[in-house]
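Quick notes on the structure that follows.
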Amino acid sequence: MSENQKAPWYYLFLLILAGESVFILPFVLARVFRPTVLEVFGLDNVQLGFCFSVYGIVALVSYLFGGPLADKFPPRKLIAVALWMTALGGLVYATFPSYLVLKVLYGYWGFTTIFLFWAAMIKATRVWGGESSQGKAFGFLDGGRGLVGALFGAMGVLIFSIFITAEIAEATIAESREAFRYVILISSAIVVLVGIFVWSFMRLDKTVEESIILDRITVSQLREVLRLPAVGLLMVIILCAYVGYKITDVFSLYAQDVMLYDQVKSAQVGTFLLFIRPVIGVGIGILADRSQTTYWLVVSFTISFFGALLFATGIISSSATALFFLSILVVATGVYAARSLYFAVMERGRIPLVLTGTAVGLISLVGYTPDIFAGPAMGYLLENSPGAVGHQHVFWMLAVFSFIGGIAAWFYFRLYRKKA
């Protein structure tokens, strides 16, 4: 697509809005309100981890079949339907169902957010970025998604605090549950509204739309994608980066268990983390387009590795507030920068635009397996070593995956240092 045919800015804005809204119910609320979610649903960390695993198992199949779907239908329609179906799940979530029903619900969300949505969003973002602005497109996408998530998180904390009638520390489970129900229902309503905006306004020029859609995906095209060296390396890179992203879920729990914060203060730590994400995403996207996206991917993993060591070595205690927030900043910089860039390097890796959906589906099949194993692994480490020691083990896990991801990113950088 030529620069004069480039999709307008509001197209990217709608992608950003949709890109985070669809994950608010299954992930963002649990990230910001993790201690509250455990309490009101009567779960421990391992059980919540298994809910995420059910999501991940369904998502795994959805990546494989949803990728080619994104190469056959316009992104606008797939994204809007995904948003509406995800919001419907919020109505079930707000009833605080049993553990069994909750696992089924997470499986349903694994279908709605991945099969219909994921590859369509990545492809639409790549279309917006064209040949010269991939770093900016994906950096703005992830940074913008971070801002949307932060705003949802801040809104959620505000709603929760308004509807808690007693002192936060003295609130009963029933009072916490009632306040959290309002958070869920209002979030669901906003997701529906975003879907309406996407369906109505996220349109491409007809010739552009036709040029990025295939009538059918053949086996030879699948083989063509699998043979690309970039695809294999991206599987490893995304897997390692996504483990890092999943581990940021424990920061609000770390605030409660190690820093001894109450529910609202620990939720505010989760929200603070979300506000870091847009700054990192936008900054790294602009930097990457001015030099090499592949180089900055290596730098991102390096920062993540050293940030993980700050927590893993146990030097952060309840009295070291400044060090706690500084260390969060270091980890978040590395994790969010890697997350912003890993799809931005597809253009340099010579993956054909028209087969983006298929490539994303195949890469994600391996890259997003942390949805299956990361939750239970973190839950196991936290439950078997309560308190600060369990959290240190989780961050050693981050250090190992950051190191492996950094090696894969280095190979990608060396292989695609020069443009074709």
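The values are calculated or read from the model by the stated rules, or taken from the named source; none is laboratory data. In this text, all values refer to a predicted model and were calculated from it rather than measured experimentally. Because the Cβ atoms are built from the backbone with ideal geometry, glycine has one as well, and the counts that use them run over all protein chains shown. Areas reflect the complete protein model, heavy atoms only, side chains present, ligands, DNA and RNA absent. Shrake-Rupley method; radii C 1.70, N 1.55, O 1.52, S 1.80 Å.
In loop segments of the range 312-420 as defined by DSSP, the trypsin sites (Lys or Arg not before Pro) with at most 16 further C-beta atoms inside 10 Å of their C-beta are R350, R417, K418, K419.
Only lysine pairs 8 or more places apart or on separate chains count here, and in the chain those with Cα atoms under 19 Å apart total 11. So what's the angle, to the nearest 10 degrees on a 0 to 90 scale, between helix 229-247 and the longest Cα principal axis of the chain? Its long axis makes an angle of about 20 degrees.
Of the options (i) 25.2; (ii) 21.1; (iii) 18.3, only one is mean projected area of the Cα convex hull in nm² as computed from these coordinates, and that is (iii).
Helix 134-163 and the long axis of the chain differ in direction by around 30°, with both axes built from C-alpha atoms. Once the Kirkwood radius over Cα pairs is known for the range 270-420, the Stokes-Einstein relation at 20 °C and 1.002 mPa s delivers a diffusion coefficient of 128 µm²/s. The magnitude of the dipole of the chain, with charges of +1 and -1 set on the Cβ of Lys/Arg and Asp/Glu and taken from the Cα centre, is near 1380 debye. Of the solvent-accessible surface of the range 61-120, computed with a 1.4 Å probe over protein heavy atoms with every protein chain present, carbon and sulfur atoms account for 82 percent. Per-peptide packing, taken as the mean over residues of other Cβ atoms within 10 Å, places 118-125, 227-234, 69-76 in the sequence 118-125, 69-76, 227-234 from highest down. Contact order for the chain, expressed relative to its length and based on alpha carbon pairs under 8 Å spaced 6+ residues apart, stands at 30 percent. Counting only DSSP H runs of at least 4 residues, each contributing -39500 (n - 2.57), and dividing by the residue count of the chain, the helix-based mean residue ellipticity at 222 nm comes to -25500 deg cm²/dmol. Phi-derived couplings, Karplus 6.51 cos²θ - 1.76 cosθ + 1.60 at θ = phi - 60°, listed residue by residue for the range 194-199: 4, x, 5, 4, 4, 4 Hz, with x used for Gly and Pro. Looking at Y254, S62, L158, which one has the Cα that reaches farthest to the positive end of the dipole of the chain (charges on Cβ: Lys, Arg +1; Asp, Glu -1)? Working it through, the farthest residue towards the positive pole turns out to be S62.
Rounded to whole numbers, the Karplus 3J(HN,Hα) couplings from phi for the range 288-305 are 5, 5, 8, 9, 9, 4, 5, 5, 5, 5, 4, 4, 4, 5, 4, 4, 4, 4 Hz, using 6.51 cos²θ - 1.76 cosθ + 1.60 with θ = phi - 60°, and x at Gly and Pro. Answer rounded, prolate or oblate for the range 296-341, using the Cα gyration tensor with square roots of eigenvalues a ≥ b ≥ c: rounded when a/c is under 1.5, else prolate when a/b is larger than b/c, else oblate. Since a/c reaches 1.5 and a/b is larger than b/c, the shape of the range 296-341 is classed as prolate. Extending 7 Å from the Cα toward the beta-carbon at both V192 and Y380 defines two label points whose distance is 4.1 nm. Taking Cα atoms only, the orientation of helix 370-384 departs from the longest principal axis of the chain by about 20 degrees.
So for the range 79-174, what percent of the C-alpha to C-alpha distances run longer than 22 Å? Value for the range 79-174: 52 percent of Cα pairs lie more than 22 Å apart.
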